[in-house]
Each structure stands twice: as C-alpha cells, then as structure tokens.
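Okay, structure first, notes after.
The values are calculated or read from the model by the stated rules, or taken from the named source; none is laboratory data. No experiment lies behind these values; they were computed from the predicted model shown. Because the Cβ atoms are built from the backbone with ideal geometry, glycine has one as well, and the counts that use them run over all protein chains shown. Note: accessible area is taken over every heavy atom of the protein model, side chains too, but ligands, DNA and RNA are not part of it. Shrake-Rupley method; radii C 1.70, N 1.55, O 1.52, S 1.80 Å.
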Amino acid sequence: MKKKVILFVCSVICAGSLGYDAYNSLAQGADSLRDISGHWSEQAIRDAVKSGYVDGYADGNFKPDSSISRAEFMKMIAAATGEKVNKQEGEGWYKPYTDRLKEKGVIPDIFPEGYSEPLQRYEMAMLSVRSTDIALKGTMQEATSLGLIHGISTTDLAPYGTSTRAQAITVIERILAVKRGEQLPVDKYAASKAEIDATGSNVGTMLGLKPKEIGTVWNYGEGVTVKLNQLIIADPSDADDPYMKLVDMSTWGKSTSKTGNKVIFANFTVNATQASVGTPDLIPQQMLVQLDASRHLLLSEQQLTRWMRFNTVQINEGFIAYAIPNRISNDSIVFDILGKHVILAGK
C-alpha cells in the first residue's frame, strides 16, 4: 500500500514538471471543453483543437481569454503549418518548435528571448507575416495590409498589448488562409494607422499614392522653419473615420459633397528661434497665416495656430485641413507652402 501511494505522488509530481507540452498531452478533446460555450470564438476553438494545432487543458478548460505566451504561439504556428518536430519534454518543450521556425526564417534574429513571457501584438504581427513570406520584414504595416492583424479600435493597434489564446487562433486561421492563396479582408483603419506610424502618412492606404515630403523642412525668413510631420487623408462619407472627428463640421460647406471629396490633414511644426525676432526679413508684426491655405476647414482640436507673430521665440504645431475633390486627390496632393505649390503625394 505504501509503495502505491509513493508511486501515485511521484506520477503527479513528474507530470507537473514536464511543462506545457506534456500537460497538453493530457488535454481534453474539443467536444469536452467546459469554458468555451457561448464564447465568441467557440467554433474556431473547436475547429482548431480538432485540427490538432492547439489543445485544451487537462482540467477540461481551454482558457480562451488567458494571454498566450511567445512559446505557445510559436508552437501553434509550427503545428498548424505542418512542421514535423521531435517533441521534447520538460521546461524546454518548446525548443523543437522554435528551432524549426528559426531554421525556416520565420523567427528572425532580432526576435526577443523570454519565450514564456506574454506575446506582444507587434511580435504576433512579425511571426504572422514571416509565416506567410519570409522575404517580408514582419512589420505591423505589412501585417495589417495583408489582413493578418486588425486594430482594437479605429485609432489603436496596441502594438505592445498582449493577445489571448482565442485571438491567437483567429490569427493562425488567417495565416493558413493566406498560405492557401486567399485574400483576407483588410481592416482599413488598422492599415491606415500602421502606415501613419511607419511613414507619417496614410496616402497609400487611402489613395494608393506615395508621400513625397514627410519630414521636409522649409525656411521662412531668417530663423523660422516649417516642417511637414504628417499627411493624413480622411473620408467624410465614412461615419466611422476617426480623423473626421477633428473637423468642426459647422465649417463644412453646405454645397460640398461628402461622397465626392476627401479631407487632407497636413500637420506642420513652425519653429521661430531667437534669430527671427526683429530681423529685417520678419518684422515683429509679420504673420504666417496657416501656410497660405484658403478655404480651410476649422478643427475642433489639434489645429495649427491660425496666425503667428514672430516677435517672440515660439514653436507651433498642429493640423491644417481642407476638402479636395476625389478626382484631384486620387491623382496627387498639392499644398501651398510659403507661397509655393508643393506636391506632397503622388503616384
């Protein structure tokens, strides 16, 4: 009797020390999972478990809302894409999977260590993109343009946020769809935000154009510079467009079509240094009136100061916005900067 008790205790201890992969070998099947009924991803979880690339836990739960670790997601990718590995028990259960993905180039050298830590969304984007094409860098911009990653809102990608086990299954299914040659639906708000974060502009997502002057600095007299920080396109016909919320719609012309126009937001920094105060070029009363913009829209927030007197050292930053017909914006974006026509974006 004493030997049986010792053996039983030993078996529990040993099973508990084998790590995640061994624990999953005791896992419940898709039909017996207890905590996914009514969950938004219930069917996806059942399908994934039946496919064999993810398991429930030995206690009969799947824990769909628990955060997923880097190692767990890497195992899911390897298993879902049919990679054959020799399983390893114990604390390093994930090593065969990570080694295989490194061999294939899915995990780049710059990927963080600490595989037991929660997977961050930018890391999920990197692994997802490179699972479909190792020639790509794995940026959030690539991930959103492919439809692999969607935003958590119209304005937030949460690149340093974490993902749940249920959300990971959704992304794995998207990876498999891309590998089958399918074209995924793209979250245009996520793609727009990712492009802005990467380039300062969303003209590619919104218009299929290329930005030309982001980061350019122009001189305005002695000691005053004007810099273009961002060029953002908004769609007034889209009630959910996040940037249209900046516009004071009381200034929108009654005869201006919302469906026939786009709104251009150009963000500038105007920097007046000590050298500009009282110079012959810029007498104290001289003003810079919103960079020569005419018929501009007023903004409810983040608007560039409407006029600036250069008799004091100052820095002003904000947006100038105006409506432009689609037939024009689809070809190029031109802006008057310090009295000159400047092409900000084009084909």
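Using the alpha-carbon atoms, what tilt in degrees (0 to 90, nearest 10) does helix 121-132 show relative to the longest principal axis of the chain?
Result, in degrees: 70.
For labels at residue 340 and residue 83 in the simple 7 Å Cα→Cβ model, what's the distance in nm?
Placing both labels 7 Å beyond Cα along the Cβ direction yields 5.2 nm.
Tell me, what HN-Hα J-couplings in whole Hz come from the Karplus equation 6.51 cos²θ - 1.76 cosθ + 1.60 at θ = phi - 60° for each residue of the range 296-312, using x for Gly and Pro?
Each residue's phi maps through the Karplus curve to give 6, 8, 7, 10, 6, 7, 6, 8, 5, 3, 5, 8, 10, 9, 9, 9, 9 Hz.
Just want to confirm a number: the relative contact order over the chain, from Cα pairs under 8 angstrom separated by 6+ residues, in percent.
Result for the chain is 11 percent.
So what's the net charge close to residue 269: Lys and Arg +1, Asp and Glu -1, counting the other residues with Cβ under 13 Å from its Cβ? Show your work: numbers first, answer last.
Details: positive: 227; negative: 317.
After counting each charged neighbour, the total is 0.
List the residues of the range 58-72 whose backbone N lies under 20 Å from a point placed 7 Å from the Cα of residue 117 along the Cα-to-Cβ direction.
Correct set: 66-72.
Which pairs, out of 63/87; 188/212; 137/340; 137/245; 102/210, put more than 30 Å between their alpha-carbon atoms?
On the way: 63/87 23 Å; 188/212 22 Å; 137/340 38 Å; 137/245 33 Å; 102/210 34 Å.
137/340; 137/245; 102/210, as the Cα separations exceed 30 Å there.
Compute the distance in nm between two label points, each set 7 Å from the Cα along the Cα-to-Cβ direction, one at residue 102 and one at residue 331.
Going from the residue 102 label point to the residue 331 one covers 5.5 nm.
Report the full-extension gain for the segment residue 198 to residue 110: residue separation times 0.36 nm, less the Cα-Cα distance, to one decimal in nm. Can you show the working numbers first?
Working: separation 88, 0.36 × 88 = 31.68 nm, distance 1.83 nm.
Contour length minus Cα-Cα distance gives 29.8 nm.
Suppose every Lys and Arg Cβ carries +1 and every Asp and Glu Cβ carries -1, with no other charges. What dipole size does the range 62-217 come out with about its Cα centre, to the nearest 20 debye? Could the numbers behind the result be given before it?
Values: 20 positive and 20 negative charges, 75 e Å.
Here the size comes out at about 360 debye.
Where the accessible area of the chain is counted over protein heavy atoms with a 1.4 Å probe, how much of it, in %, is carbon and sulfur?
On the way: 8970 of 17570 Å².
Roughly 51 percent, rounded to a whole number.
Given the chain, what whole percent of its Cα pairs are spread farther than 30 Å?
Working: 31347 of 60031 pairs.
It works out to 52 percent of all Cα pairs.
Per the helix-only calculation at 222 nm, which mean residue ellipticity applies to the chain, given -39500 (n - 2.57) for every DSSP H run of n ≥ 4 and division by its residues, nearest 500 deg cm²/dmol? Walk me through the numbers before you get to the answer.
Values: 11 runs with 105 residues, N = 347.
After summing the helix terms and dividing by the residues of the chain, the value is -8500 deg cm²/dmol.
With Cβ to Cβ distances under 12 Å as the rule, what net charge do the other residues near residue 244 carry (K, R +1; D, E -1)? The partial results should precede the final answer.
Working: positive: 245, 258, 262; negative: 235, 238, 240, 241, 248.
Its environment carries a net charge of -2.
Could you tell me which of 49, 312, 136 has its Cα farthest along the dipole of the chain towards the positive end, charges placed at Cβ (Lys, Arg +1; Asp, Glu -1), taken about the Cα centre?
49
Quote the charge dipole size of the chain about the Cα centre in Debye, to the nearest 20; the model charges only the Cβ of Lys and Arg (+1) and of Asp and Glu (-1).
On the way: 37 positive and 39 negative charges, 101 e Å.
Roughly 480 debye, rounded to the nearest 20.
Nearest 20 debye, what's the magnitude of the dipole of the range 170-320 about its Cα centre given +1 on Lys and Arg Cβ and -1 on Asp and Glu Cβ? If you can, show how the numbers build up before the last one.
On the way: 15 positive and 16 negative charges, 52 e Å.
In debye, rounded to 20, the range 170-320 gives about 240.
Taking amide hydrogens as modeled 1.01 Å from N in the peptide plane, which residues meet the under 5 Å criterion relative to residue 56, leaving out close sequence neighbours?
Those lying under 5 Å, H to H, from residue 56 are 28.
Can you list residues whose amide H is under 5 Å from residue 297's amide H, if they're 5+ apart or on another chain and H is modeled 1.01 Å from N?
Hits under the 5 Å cutoff: 321, 322, 323.
Starting at the first residue of the range 183-200, write each ³J(HN,Hα) from the Karplus equation 6.51 cos²θ - 1.76 cosθ + 1.60 with θ = phi - 60°, in whole Hz, x for Gly and Pro.
9, 7, x, 9, 6, 5, 5, 5, 5, 5, 5, 5, 5, 4, 4, 7, 10, x
Which one of 62, 228, 80 has its Cα pushed farthest toward the positive end of the charge dipole of the chain, where Lys and Arg give +1 and Asp and Glu give -1 at the Cβ?
Of 62, 228, 80, it is 80.
How would you order 177-187, 201-211, 43-53, 159-169 from highest to lowest mean count of nearby Cβ atoms within 10 Å?
On the way: 177-187: 12.5, 201-211: 20.9, 43-53: 16.5, 159-169: 18.6.
Listed from highest to lowest mean packing, they are 201-211, 159-169, 43-53, 177-187.
Take the alpha carbon atoms of the range 83-131, find their radius of gyration, then divide it by 2.2 N^0.38 Å using N residues; give the quotient. Working shown, then result.
Numbers: Rg = 11.2 Å, N = 49, 2.2 N^0.38 = 9.7 Å.
Ratio of Cα Rg to 2.2 N^0.38 Å: 1.16.
Using a 7 Å offset from the Cα along the Cα-to-Cβ direction at both residue 135 and residue 229, what is the distance between the two label points in nm, to one decimal?
3.7
Counting only residues 5 or more places away or on other chains, whose amide H sits under 5 Å from the amide H of residue 216 once H atoms are built in the peptide plane?
Here 228 satisfy the definition.
Per the Kirkwood definition applied to all pairs of different Cα atoms, how many angstroms is the hydrodynamic radius of the range 140-203?
Values: mean 1/r = 0.0827 Å⁻¹.
Taking the inverse mean of 1/r over all distinct Cα pairs, the range 140-203 comes out at 12.1 Å.
Separation of the range 116-179 and the range 315-332 by C-alpha centroid, Å?
31
If one takes the longest principal axis of the Cα atoms in the chain, at what angle in degrees, from 0 to 90 and to the nearest 10, does the Cα axis of helix 165-179 lie?
Long axis of 165-179 versus the principal axis of the chain: about 80 degrees.
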